[in-house]
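Peer 1: The following block contains the structure, expressed as structure tokens.
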Amino acid sequence: MLLLPIGFWFFFFLIVPLAFVVWESVQGEMGFDLSAYARVFTRKLYRESLKNSFLLSISTTFLGTLIGLPLSYALYKTDPRKKELFLTLLALPLTFSGLVIAYAFIILLGNSGFLTILLSQLFGIDTLEFSSFLFTWRGLVVAYLYFLIPRMILVMIAAWSEVDWSLLEAAEILGMERFRAFFRVIFPLIRPSLLAGSSLLFAVSMGAFGTAFALVGTGVNIMPLLIYTQMSEISVNLQEANALAVVLVLVTTAVVVLYERVFTRRF
Amino acid sequence: MSSVSVRLLGIAKRFGHMPVLEGVHLEIPGGQFVSIVGPSGSGKTTLLRIIAGFLQPDAGRVYIGEKDVTEVPPRLRNIGMVFQHYALFPNLNVYENVAFGLRARKVRESEIDRKVREMLTLVHLEEKMYSMPHELSGGQKQRVALARALAVEPKLLLLDEPLSALDAKVRLELRYELKRIQKEMGITTIYVTHDQEEALSISDLVAVLHQGLIEQLGTPEEIYSRPRTRFVAEFIGISTLLEAEVLSPKEGKLRWMDYVLQGTPLSQERVKLLILLRPENLSILPKERFSSLVSSWNNVLQGRVVGQVFLGSVMRVAVEVKGVKFLVDLPNREANRFRLGEEVVVTFLPEAIHYLFGNE
Amino acid sequence: MSWMGEKPFGLSQFVLRLARSFLAMYILLPVVLLFIGSFGEKWFGTLLPQGFTLEWYWTLFSEKMYLRSLRMSVLVGALTVIATALLAIPTVYAVHTSERRLLRSFFDAVVVLPIALPPIVLGIGLVQAYNWPFLSLVGTWQLLFFAHVIYSIPFMVKPIMANLEMLDWKTIEEAAESLGASQWYIVRRLLLPNLRLGILSGAIMTFAFSFGEFQLALILTSSESQTYPVTLYQAFYVGTGFACAAVTVLVLVAGVTLWVLNRFSSLRVMQ
Ligand SMILES: Nc1ncnc2c1ncn2[C@@H]1O[C@H](COP(=O)(O)OP(=O)(O)OP(=O)(O)O)[C@@H](O)[C@H]1O
Ligand SMILES: [Mg+2]
């Protein structure tokens, strides 16, 4: 009874639209056809977008985890009052819309950006060459990290504070070397959070397009942007946009599920 | 205030496959203070929540006064309830907490004010009237909870371990205050606790709940000195239990191991039964007295001191007789005469032997 | 325990402190630059802007297009807050009081939904589902509002759930019931007042999200129903100072939000 309102809302504004996406993706000019999916996997433009999205997300996930993990430990080790401050600070990039981040990076790394000019003054690099990198998918990686690293840190701080550190002492008493003890005793404890955190980074990177759109327009061929172009241009092929949307969701989910499977088994 | 009786007829309740209550019968006369005691998990809270109406029994009826309330929702049962962790409304101050039930009943403002003040006076908290719950100590919180429950003039007061979250001193203080208020108002009260000492000191009647049934209902005195079953005897107070063989019921002669014991005459024909000895009814004598006593006296057992615990006013001494530990309370001065490992004699009057008929 | 607090794995405090400073700078540098830039007269080819002016803010708050989109953002944000609260409160209550496992997992699914579902996908779905010949919602702010509510649910539900879990609600409710209170009276006098901090936190988060949200707004709105971020996007190419000012407005909304929320949490700790 109490769930009626939310059920209603989810039905009409979530289930129904998603059903439309799936339904329209298999509706050709004359009834049912799967050709749109075939094209998603055969046409170069689409295949490229899938590849780029994938590369982008893998890179951001990898770098975000690599940088976020030690930082999260550094924050965990700080005193509670400072930690409170840092937590608020970390929430800042998460509250920004993609737009803010895009513009922040333009004035930071754009061709007359703060860092670009700083570096050219210090080392005499070529500003244009340096800044053009911002508008490629590698540049997107750098921009995405701005809102992904805080996510990783937030997930991991929670994990660190649940670790029972006396286990480490116990392991040492039993004669384990410190670093080995860490990997054998502490790592298994934070692994679930590490998995959850990196899956989160991957999923967010796959789906986000605000920052990318604001930075490069439709200049970089990643899936969400491609869907947007396919849908908003006049000559659109909506069927293909829908198929791309379905593929995007499926690929993201599949990767996340597979990843968690593999890594929970391995150890 | 007119007081109502409470009757529980065959209350049964199970959670999933686990039976918790298996046909509880309990009759509580009006105006009485009744404690329900039992070990943790015995279903005390469950029983209380069934009386309150928060749980439906699988079988059985609940009567409050003459009325069958089994199907009546809690808010129409006219009960007052006090919880272990106070359950004060955190957003309301003391005054509004006490007024809550009256406001819910749309009582006139002037009447509410009069009643709230009366209740706060009753629990000695007039000066905390405008404090918020988080500004009060545990004891004060529980007083507010009591005032809040009583403000609506319930016919029945239910308390679920109300003192167990408080520290020892406050617990004692509040125990007697609770009793005073209950007597003053003459309200029928059901009090759940796992603290048997608390139950004995505060109640008119004590009901012992065990394995889904009431094993015994009686005055504290009855429950303590005349337990009906082994469980009640072991749960309430400290005792030594012996399995004895009846030699002659009319004369009250029994055999335990190779000793002959003299009890009071038995009214029932039995071959075997359990007997109970309370520590305060036993005494210890030096070993040398054995031979002189044993000729004139039956209840003389030979043993060895194996332990001593200082309990303040008395010393509890454990004497092992034929592998069984007898617990004996002695005044401190007397206990000093006995050393650990010393051979002694344990002795008692025939009246000290209490027969447990409940165990078949 | 002792040595671990001081020198974990041989990493010195110094390295940890350095890492923290780096992090603070990393997060704050862009924000500070935006802020400085918004007051700069001219910023091109120099390290920092030159001159000081309030002109950009003045332009921003006097130009019709921006004012209209600001109003639109406030409208959508406010409605989103109200609708989300109305949906979230009964949901949290139902999930919390029910003993059924299923409900709990449904709830967990709802909370992670926005991460699992890229906004572009919901956007293209909504555009197709509500585009009937006789009444098309495409390009209206209503459609954006519907979508924002979907994505806001977790922002609202999480703090309210946390709030409710801090209370011993089951006993509070029983206490109230035993005192003769009706269901509605309990909701009005106990449930809502005790959840006010959670609801307020949720409302602030929801508003901040809706106000700054760009991706759905870009897909779903038209030139009449543009919200602030979409209009702002066009300012990117107007001029550095102006764009900085326009972006700073969004940064401020986020900052104020977090500041207020922080206030709350310290209030809560005090109680
Ligand atoms: N809602 C419930 N669902 C499942 N089992 C329950 C529920 N409530 C109580 N039980 C079980 O019923 C048994 C009796 O519980 P109850 O709370 O009545 O015991 P109690 O006598 O009050 O114990 P305590 O002294 O620890 O408070 C326990 O084993 C408990 O685990
Ligand atoms: Mg209990």
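The values are calculated or read from the model by the stated rules, or taken from the named source; none is laboratory data. Please read all numbers here as calculations on a predicted model, not as lab measurements. Every residue, glycine among them, receives a Cβ derived from its backbone with ideal geometry; neighbour counts consider all protein chains shown. Ligands, DNA and RNA are stripped out before the accessible areas are found, and what is left, the full protein with its side chains, is counted by its heavy atoms. Shrake-Rupley method; radii C 1.70, N 1.55, O 1.52, S 1.80 Å.
Peer 1: Compute the distance in nm between two label points, each set 7 Å from the Cα along the Cα-to-Cβ direction, one at residue B:222 and one at residue B:72.
Peer 2: 2.7
Peer 1: Next question, about the same structure. Sorting C:74, B:72, A:142 by accessible area (1.4 Å probe), largest first, what list results? List each step's numbers first, then the result.
Peer 2: Values: C:74 70, B:72 30, A:142 50 Å².
Greatest to least solvent exposure: C:74, A:142, B:72.
Peer 1: Can you tell me the dipole magnitude for chain A around its Cα centre, using point charges on the Cβ only (Lys, Arg +1; Asp, Glu -1), in Debye to the nearest 20?
Peer 2: Details: 18 positive and 16 negative charges, 113 e Å.
I would put it at about 540 debye.
Peer 1: Pairing the Cα long axis of helix A:238-266 with the longest principal axis of chain A, what angle in degrees results, from 0 to 90 and rounded to the nearest 10?
Peer 2: 20
Peer 1: Counting only heavy atoms of protein chains, what accessible area per residue, in Å², does segment C:68-226 have with a probe of 1.4 Å?
Peer 2: Here the residues of segment C:68-226 average 39 Å² of exposed surface.
Peer 1: Measuring from centroid to centroid over Cα atoms, what is the spacing of segment C:60-106 and segment C:229-263 in Å?
Peer 2: 21
Peer 1: List, in the order given, every pair from B:13/C:158; B:106/B:179; A:82/B:128; B:67/C:170; A:82/C:158 whose Cα-Cα distance in the structure shown is over 32 Å. Mind showing how you got there, number by number?
Peer 2: On the way: B:13/C:158 36 Å; B:106/B:179 30 Å; A:82/B:128 38 Å; B:67/C:170 27 Å; A:82/C:158 24 Å.
Distance filter (> 32 Å) returns B:13/C:158; A:82/B:128.
Peer 1: Using only atoms on other chains, find how many Cβ atoms lie within 10 Å of each Cβ of peptide B:249-257 and report the average.
Peer 2: Numbers: counts 0, 0, 0, 0, 0, 0, 0, 0, 0.
Taking the mean over all residues of the peptide, I get 0.
Peer 1: Just to make sure I understand: if all protein chains stay in place, what is the order of B:289, B:171, C:263 by accessible area at 1.4 Å, largest first? Could the numbers behind the result be given before it?
Peer 2: Working: B:289 110, B:171 65, C:263 135 Å².
Most to least solvent-accessible, the answer reads C:263, B:289, B:171.
Peer 1: Over both sides of the C-A contact, add up the buried accessible area with a 1.4 Å probe and give it to the nearest 100 Å². Walk me through the intermediate numbers first.
Peer 2: Working: alone 16900 and 16100 Å², together 25660 Å².
By this definition, chains C and A bury close to 7300 Å².
Peer 1: Now a separate question. Tell me the accessible surface of residue C:259 in square angstrom (1.4 angstrom probe, heavy atoms of protein chains only), to the nearest ten.
Peer 2: The accessible area of residue C:259 comes to roughly 150 Å².
Peer 1: Quote to one decimal, in nm, the extra length available between residue A:128 and residue A:45 on full extension: 0.36 nm per residue of separation minus the C-alpha distance between them. List each step's numbers first, then the result.
Peer 2: Working: separation 83, 0.36 × 83 = 29.88 nm, distance 2.77 nm.
Full extension from residue A:128 to residue A:45 adds 27.1 nm.
Peer 1: Nearest 10 degrees, 0 to 90: what angle lies between the long axis of helix A:114-123 and the longest principal axis of chain A (Cα atoms)?
Peer 2: With both axes taken from Cα atoms, the answer is about 60 degrees.
Peer 1: Which residue, A:145, A:238, A:128, tops the fluctuation ranking in a GNM of chain A built on C-alpha contacts under 10 Å?
Peer 2: Maximum among the listed residues: A:128.
Peer 1: Related question: Can you pull the mean other chain C-beta count within 10 Å for peptide B:81-91? Please list the in-between numbers first.
Peer 2: Numbers: counts 6, 2, 6, 1, 2, 4, 11, 3, 10, 8, 10.
Partner Cβ neighbours, averaged per residue: 6.
Peer 1: Can you tell me which lysines have their Cα less than 30 Å from the Cα of residue B:325? Leave out same-chain residues fewer than eight positions away.
Peer 2: Correct list for residue B:325: B:250, B:253, B:272, B:287.
Peer 1: Just from its helices, what would the mean residue ellipticity at 222 nm be for the protein assembly as shown, if runs of 4 or more DSSP H residues each count -39500 (n - 2.57) and the sum is divided by every residue, rounded to the nearest 500 deg cm²/dmol?
Peer 2: On the way: 38 runs with 504 residues, N = 898.
Counting only the DSSP helices, I get -18000 deg cm²/dmol.
Peer 1: Next question, about the same structure. Using only protein heavy atoms and a 1.4 angstrom probe, determine the accessible area buried between C and B, summed over both sides, in Å² to the nearest 100. Please list the in-between numbers first.
Peer 2: Values: alone 16900 and 16960 Å², together 31930 Å².
Approximately 1900 Å², summed over both chains.
Peer 1: Which residue fluctuates most in the GNM of chain C (Cα springs below 10 Å): C:59, C:80, C:206?
Peer 2: In this elastic network of chain C, the residue with the biggest mean-square fluctuation among C:59, C:80, C:206 is C:59.
Peer 1: Sticking with this one: Using only Cα atoms, locate the centre of segment B:62-127 and the centre of segment A:188-241, then give the distance between them in Å, rounded to an integer.
Peer 2: Going from one Cα centre to the other spans 58 Å.
Peer 1: Something else: Give the percent of DSSP beta bridges with both residues in chain B that are antiparallel, rounded to the nearest 5. Intermediate values should be presented prior to the final figure.
Peer 2: Details: 60 of 78 bridges.
Around 75 percent antiparallel, to the nearest 5.
Peer 1: Also, quick follow-up: Which of the aspartates and glutamates could a cross-linker span from residue B:322 if the Cα-Cα distance has to be under 20 Å and same-chain partners fewer than 8 positions apart are dropped?
Peer 2: B:243, B:245, B:258, B:288, B:342, B:343
Peer 1: Evaluate E = 1/(1 + (r/R0)^6) for residue C:256 and residue A:16, where r is the Cβ-Cβ distance and R0 equals 45 Å; express this FRET efficiency to the nearest 0.05. List each step's numbers first, then the result.
Peer 2: On the way: r = 36 Å, r/R0 = 0.80.
It comes to 0.80.
Peer 1: Ranked from the most accessible area to the least, with a 1.4 Å probe and all protein chains present, what is the order of C:64, B:67, B:155?
Peer 2: Numbers: C:64 175, B:67 115, B:155 75 Å².
These residues rank, largest area first, as C:64, B:67, B:155.
Peer 1: Okay, moving on. Run the numbers on segment A:44-266 and let me know its relative contact order in percent, using alpha-carbon pairs under 8 Å that are six or more apart. Intermediate values should be presented prior to the final figure.
Peer 2: Numbers: 232 pairs, mean separation 66.6, N = 223.
It rounds to 30 percent for segment A:44-266.
Peer 1: In percent, what relative contact order does chain B have, based on Cα pairs under 8 Å that are 6 or more apart in sequence?
Peer 2: Numbers: 746 pairs, mean separation 57.1, N = 360.
Reported relative contact order: 16 percent.
Peer 1: I need the calculated FRET efficiency for the pair residue B:349 and residue B:27, taking r as the beta carbon distance and R₀ as 25 Å, to the nearest 0.05.
Peer 2: Values: r = 35 Å, r/R0 = 1.41.
Taking R0 as 25 Å, the efficiency between residue B:349 and residue B:27 is 0.10.
Peer 1: Now for a separate question. So how exposed is residue B:85, as accessible area in Å² (1.4 Å probe, rounded to 10)?
Peer 2: 120
Peer 1: Along the Cα-to-C-beta direction of residue B:14, a point sits 7 Å from the Cα; which residues of segment B:204-218 have their amide N less than 20 Å from that point?
Peer 2: Taking a point 7 Å out along Cα→Cβ of residue B:14, the residues of segment B:204-218 whose backbone N falls under 20 Å are B:210-214.
Peer 1: What are the DSSP H helices in chain B that stretch 15 Å or more along their long axis, judged by alpha-carbon atoms, and whose average Kyte-Doolittle hydropathy comes to at least 0.0? Don't skip to the end; give the middle numbers.
Peer 2: Values: long enough: B:94-104 (16 Å, 0.49); B:109-122 (20 Å, -0.73); B:138-151 (20 Å, -0.12); B:168-185 (26 Å, -0.93).
Qualifying helices: B:94-104.
Peer 1: Moving on to the next point. With the contact rule set at Cα under 8 Å and sequence spacing of 6 or more, what percent relative contact order holds for chain C?
Peer 2: Values: 260 pairs, mean separation 80.7, N = 271.
About 30 percent, as a whole number.
Peer 1: Leaving out same-chain residues fewer than 8 places away, which lysines sit with a Cα under 29 Å from that of residue C:42?
Peer 2: Within reach: C:64.
Peer 1: Note down the nm distance, to one decimal, between modelled labels 7 Å out along Cα→Cβ at residue B:333 and at residue B:243.
Peer 2: Spacing of the two 7 Å Cα→Cβ label points: 4.2 nm.
Peer 1: Out of C:38, C:62, C:210, any idea which swings most in a Gaussian network model of chain C, alpha carbons joined below 10 Å?
Peer 2: C:62
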